[in-house]
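In what follows, a single structure is set out as structure tokens and then discussed.
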Amino acid sequence: MPPRTPHRPDPHQAGGRSDNDARLSAQLAAVISGARRRATRDADRQVDTAHLLHSLLEHDPEVRDVFEGEPRTARLLGYLVQRSIGYGLRWQNSVEDSGAVPVVTEADGLSPLASGALEHACERAARRGEEAARGVDLLAAIVVDGQARAVEVLARAGIDAGEVYARIDSRPGSRVGESGC
């Protein structure tokens, strides 16, 4: 009988990403740790963008502010919670990947799209002149990829990912220049 908890590579091994990466704010590191716990608890193979979105909404007040006034936020949270009891089970034992680049190793326990979004968040913060990425940087990086599971969850909840990005980009101090995210 296989173990209930999937094997998680040690993020401190070569090539792995630690949740205490200096490029991440303390808040974002806590979000990633929460997403890892959620993936393990749900017996998912990797942390994907839907895990990250759920953890962002749960742990980051600045991200929750992006959804303030959005009447479908409760519906979104409902879909995210249902993931482990039905919705999203079809994702188990599969890799979240847009197909744009070859699937890379699972050294950090993140899906290729989640790993790419985290790198994009760090780049976004650097373009703004900040040393550490914040939760809104990760949210912006997630919602620009139409193949992300988080974008699928948003769509099912009736929330347009493009509108979410526009809300992020319109926040004071969030713009990263003409090139965008």
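Rule-based calculations on the coordinates, nothing more; no lab input. Because the structure is predicted, anything quoted here is derived from the model rather than measured.
Okay, here's what the table says:
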read-out	value
Extension gain, residue 128 back to residue 64 (0.36 nm per residue minus Cα-Cα distance, nm)	20.9 nm
Long-range amide H partners of residue 133 with built H, under 5 Å	24, 25
